[in-house]
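Take a look at the structure below.
Since every read-out is calculated from the coordinates, none of them should be taken as a lab result. Note that this is a predicted model, so its numbers are computed, not measured. Glycine also receives a Cβ, built like all others from the backbone with ideal geometry; neighbour counts cover every protein chain displayed.
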Amino acid sequence: MTLVIPDEILLEARLSPSELRVELAVYLYEKKRISIGKARKMAGLSLIDFQKALTQRNVYIHYDVIELETDLKNLNLT
């Protein structure tokens, strides 16, 4: 799918196309609409760089007790 955004909108928002991709990916991740893996791919960033983008915007990584228990089980620590 291709989304066309007029240049005048990007100019008014003072965003480059790559910055808009990051902003949209962060928004969708924050709203729990997409996973961190899909969000970082959408943003065109490595996982670490996407996590930095989240931190810069005060967006927390979604990680709950169930995920912790799964990680511990996978590490054979439980």
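The long axis of helix 47-56 is offset from the longest Cα principal axis of the chain by roughly 70 degrees. Considering only Ala39, Ala13, Ala53, the mean-square fluctuation computed in a Gaussian network model of the chain, springs between alpha carbons under 10 angstrom, is largest for Ala13. For segment 9-17, 3J(HN,Hα) computed residue by residue from phi via the Karplus equation (6.51, -1.76, 1.60; θ = phi - 60°) reads 5, 4, 5, 5, 7, 6, 10, 7, x Hz, glycine and proline entered as x. Per-peptide packing, taken as the mean over residues of other Cβ atoms within 10 Å, places 21-28, 63-70, 42-49, 1-8 in the sequence 21-28, 42-49, 63-70, 1-8 from highest down.
With the cut-off at under 16 Å, measuring from each backbone N in segment 8-32 to a point 7 Å along the Cα-to-Cβ line of Ile66 picks out 32. Here the Karplus curve 6.51 cos²θ - 1.76 cosθ + 1.60, taken at θ = phi - 60°, turns the phi angles of segment 19-29 into couplings of 5, 5, 4, 5, 4, 5, 5, 4, 4, 5, 5 Hz, with x standing for Gly and Pro. Computed over neighbours whose Cβ is under 13 Å from that of Leu15, the net charge equals -3, Lys and Arg +1, Asp and Glu -1.
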